[in-house]
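We did not get these values from a lab; they are worked out from the coordinates using the rules stated. Predicted model, so just to flag it, every value in this text is computed and none were measured. Cβ placement follows ideal geometry from the backbone for every residue including glycine, while neighbour counts extend to all protein chains displayed.
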Amino acid sequence: MNQRLNLSTAVLLTVPPLLWAGNAVVGRLMAPLVPPITLNFLRWALALLLLLPFAWALLKPGSPIWPRMGRYAVLGLLGIGFYNALQYLALKTSTPVNVTLVASSMPVFMLALGAAFFGQRITRRQMVGAVLSIAGVLLVLARGDLEHLAQVRFVVGDLYMLVATASWAVYSWLLTRPGDPPEVRSDWAGFLMAQLVPGVVWSGLFAAAEAATTTQAIQWGWPLAAALAYVAIGPALVAYRCWGMGVQRVGPNIAGFFSNLTPLFAAIFSAAFLGEPPRLYHALAFALIVGGIVASSRR
């Protein structure tokens with residue numbers, strides 16, 4: 001059963017968007033150095049190695065994760081294989097601010113999926129909130145050109161991010177479903193390890209397919225090494241742990257509101273490190289999206 005939102009849970013749910021905003025900026029910076037799908041694989045392979053000392057026992061024969069590997073294979077595919085790979089792919093043609101703003105449509109996906117598959121009733125307030133949030137996303141996709149919204153030309157990165165966001169919404173709802181052994185659910189490292197094992201396999205398969213179809217070579221060096229260390233520890237291990245705990249405490253609908261802090265942090269980081277200051281339409285889109293989620297989250 002979901003708990004009421006309190007200060008500790010609010011702090012817990014603020015950590016992931018802060019780290020994910022940094023992940024978007026780093027992904028943009030690393031685009032010339034490593035192919036995006038390969039970056040995703042390297043990130044999660046390193047995260048798996050870092051997590052091994054804490055949860056290696058779960059990989060033994062007879063571990064409780066193996067009978068439920070079907071569930072963890074789906075979670076690993078959606079949360080690690082799809083979402084993160086598509087985000088790095090989106091950053092090849094879109095900016096961190098745009099990518100994170102498009103991802104702010106996630107609560108709309110949360111509401112729709114909850115109503116369609118998880119028995120959640122959509123209220124009138126939530127419908128109003130969904131309309132506001134969608135308006136904000138459309139404003140980003142139109143690059144602020146409302147006069148030509150009907151003829152908007154989608155940047156391919158924005159479309160990748162929409163697919164990624166839908167994948168993450170399904171992942172978040174599946175986190176709330178029963179099916180985890182108590183010894184796994186109560187152990188943060190074990191719960192992550194259960195998803196990482198199949199997730200690394202999925203991302204490795206996707207990286208192999210990318211290597212067979214791209215000519216971009218990996219530019220090894222200290223910048224790439226530092227970037228991998230950050231994305232493997234912060235946005236991967238720490239953020240996933242905090243997000244999983246937060247979703248379990250208050251549910252995907254309320255947790256989804258905090259994801260809308262990501263573009264705010266991304267705008268700050270982009271201005272500081274990429275020389276990409278936010279534009280007026282970014283501010284308007286952020287106001288629409290947050291306003292929509294506040295409206296939909298009120299009881």
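Some values worked out for this structure:
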{"item": "Span-like helix ranges in the chain, DSSP H, alpha carbon extent 27 angstrom or more, Kyte mean at least 0.5", "result": "7-30, 36-55, 156-175, 188-211"}
{"item": "For the chain, built as a Gaussian network whose Cα springs stay under 10 Å, the top-fluctuating residue of T176, T165, T214", "result": "T214"}
{"item": "Two-site FRET efficiency, V128 against L59, from Cβ-Cβ distance with R₀ of 35 Å, rounded to 0.05", "result": "0.15"}
{"item": "Kirkwood hydrodynamic radius (C-alpha pairs) into Stokes-Einstein, the chain, 20 °C and 1.002 mPa s, D in µm²/s", "result": "110 µm²/s"}
{"item": "Relative contact order computed over the range 7-297 (Cα-Cα under 8 Å; 6+ residues apart), in percent", "result": "42 percent"}
{"item": "Filtered trypsin sites (Lys or Arg not before Pro), the range 95-130: DSSP coil and at most 10 other beta carbons within 10 Å", "result": "R121"}
{"item": "Those trypsin sites (Lys or Arg not before Pro) in the range 1-104 that DSSP places in a loop and that have at most 14 other beta carbons within 10 Å", "result": "R4"}
{"item": "Approximate spin-label separation T214-V11, in nm, with each point projected 7 Å along Cα-to-Cβ", "result": "3.9 nm"}
